[in-house]
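These notes concern the structure reproduced below.
The values are calculated or read from the model by the stated rules, or taken from the named source; none is laboratory data. No experiment lies behind these values; they were computed from the predicted model shown. Backbone-built Cβ (ideal geometry, glycine too); neighbour counts: all protein chains shown. Calculation scope for accessible area: heavy atoms of the full protein, side chains included, ligands and nucleic acids excluded. Shrake-Rupley method; radii C 1.70, N 1.55, O 1.52, S 1.80 Å.
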Amino acid sequence: MKKKSPMKRIYDTKAFWIVISLLASISIWIYITDIDKETWKTTFYGVRVELEGDDILRDSKGLVITDLDTNTVTVELEGPRRIVGSLSSADLTAKVDVSKLSQSAYTSQPYYVSLPDGIDKSGIKVIRQSPGTVNFMVSRLSTKTVQVRGGFEGSLSPNRTAETPVFEPSTITVVGPESYIKNVDYAWVTFGKDVKVEKSYSVDTGFSLMDAQGEPCSMENISVSTDTVKATLPILEIKEVKLGIDVVEGSGATSANTKIKVEPETIMLAGDSAILSGMNKIILGTIDLSDFSSTYTETYTIPLDNELRNLTGITEAKVTIEVVGLETRNFKVKNISCIHTPDGATVDILSESLDVTIRGTAEQLDNVKPENIRAVVDLTDFKESIGAYMPEAKIYVDGVTGVGAVGENKVSIEIRKA
């Protein structure tokens with residue numbers, strides 16, 4: 001049997017490896033301890049600048065920071081290699097305390113380097129900062145309210161018209177440094193690009209702040225009361241509607257022998273489709289053909305619903321009526337009577353005769369005699385009346401059809417208590 005060498009027997013023992021492990025641990029501990037004691041310098045570029053206390057400055061003093069001259073700085077740190085060597089620029093922050101500033105001014109302020117939480121900061125020191133300070137403007141916070149304006153960029157369907165766009169809210173509150181918002185004049189909205197509409201159109205959209213010359217303003221350091229507005233384009237239907245007049249036929253005049261002319265004949269209206277759909281004619285008024293002999297001319301105001309828009313712009317229409325194919329003759333009527341005399345009263349007819357104009361064809365008028373005509377006064381509405389009155393008399397032509405009196409025919413009477 002082959003015998004092991006003395007060294008081989010030592011290598012195979014457990015005690016040997018325990019000693020070896022102990023010596024290795026001691027060596028590693030000594031190495032790490034040496035590293036911890038080693039001083040290390042590192043330069044960190046692009047360290048982010050952060051304002052501290054700017055919310056206090058804004059809320060309690062009405063001041064804001066603008067025009068920061070740099071957003072990053074360069075910092076050189078010295079400290080234990082194990083700690084400093086493990087840091088990066090993203091782990092550091094250059095903090096500027098602005099909470100104690102109290103007035104508007106361009107200022108230069110120092111900053112301190114903030115290290116991550118959880119590391120031992122006692123052996124670390126800043127040996128260089130570039131730049132040494134941060135420059136910025138302390139500005140007074142200001143508020144301004146501006147009008148919302150805008151335009152529709154789409155197209156309209158046929159027979160449609162659009163009113164002025166409506167925006168909700170109609171104003172925007174702008175908050176920021178006075179020097180930044182002084183040129184803001186209004187908020188401009190564009191909406192509906194490439195959209196074709198036939199009814200009212202609404203959309204929520206953003207806006208741009210503009211100066212008085214129509215140039216966009218920077219939104220830097222500016223806050224607004226809302227980021228979007230509701231833009232609405234009211235759409236109305238367009239329709240051409242005829243103008244007309246109603247007539248009451250009488251005294252021989254009918255629609256067959258009457259010429260009616262309305263100027264203008266039509267007007268263009270815009271409004272809700274529900275209103276315009278059933279509107280084919282606007283009646284200006286009613287004319288009794290017995291009120292005139294041969295021609296009639298009058299100007300009427302065009303009546304419109306408040307919800308309709310008169311696109312033509314004409315607010316009055318001239319109506320001309322001509323009775324054709326008829327003649328008039330004057331007669332002196334002496335047959336005057338009253339009906340429905342008030343109870344307990346007597347009526348004296350003071351008019352001995354009445355001049356009456358009768359209208360009809362020539363052949364019809366040839367058959368009319370003064371004795372065929374009578375004037376009758378209806379006193380139904382004079383039940384409690386006492387005194388002198390001039391009521392309208394109704395004219396009857398007995399024995400001849402198709403003729404009638406025109407104009408006013410008033411009779412003078414006196415009602416007395418019996």
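Listed values, structure above:
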quantity	calculated
Calculated FRET efficiency for the pair Glu322/Ser157, C-beta based, R₀ 41 Å, to 0.05	0.45
Zone of Thr143's modelled label, taken as backbone nitrogen in segment 173-212 under 17 Å from a point 7 Å along Cα→Cβ	173-179, 181-182
Among beta bridges that DSSP assigns inside the chain, antiparallel share in %, nearest 5	80 percent
Segment 150-276: C-alpha gyration tensor shape, a/c 1.5 cut-off, then a/b vs b/c	prolate
Column: log10 I(q)/I(0), Debye, Cα scatterers of segment 361-402, q = 0.24 Å⁻¹	-0.83
Total charge dipole magnitude, the chain, about the Cα centre, Cβ charges on Lys, Arg, Asp, Glu only, Debye to nearest 20	3620 debye
Listed residues Leu68, Leu311, Tyr396: farthest to the positive end of the dipole of the chain (Cβ charges)	Leu68
Charged-residue dipole, Cβ positions (Lys, Arg, Asp, Glu), segment 300-399 about Cα centre, Debye nearest 20	220 debye
Selected from Thr93, Leu156, Val146, residue furthest toward positive end of dipole (segment 55-205; charges at beta carbon)	Thr93
Distance (nanometres) between label positions extended 7 Å along Cα→Cβ at Ser223 and Glu298	6.7 nm
Accessible area per residue in Å² at 1.4 Å probe, computed on the chain	59 Å²
Projected label distance in nm at Lys334 and Ala90, using a 7 Å step from Cα toward the beta-carbon	12.5 nm
Positive-end residue of Thr266, Gln213, Ser290, charge dipole of segment 204-344 with Cβ unit charges	Ser290
Prolate/oblate/rounded label for segment 245-396 (Cα gyration tensor, a/c 1.5)	oblate
Size of charge dipole - segment 182-266 - debye, nearest 20, with Cβ of Lys, Arg +1 and Asp, Glu -1, no other charges	280 debye
Cβ crowding within 10 Å averaged over residues, with 284-290, 341-347 ranked highest first	284-290, 341-347
Computed label-point distance, nm, for sites Glu249 and Ser60 using a 7 Å Cα→Cβ extension	9.4 nm
Those lysines that a straight Cα-Cα span of less than 30 Å connects to Lys61, excepting residues fewer than 8 apart in one chain	Lys95, Lys100, Lys144, Lys182
Orientation-averaged projected area, Cα convex hull of the chain (nm²)	53.5 nm²
Sulfur and carbon atoms: percent of accessible area, the chain [1.4 Å]	49 percent
Degrees separating the helix 14-37 axis from the principal Cα axis of the chain, which is the longest one	60 degrees
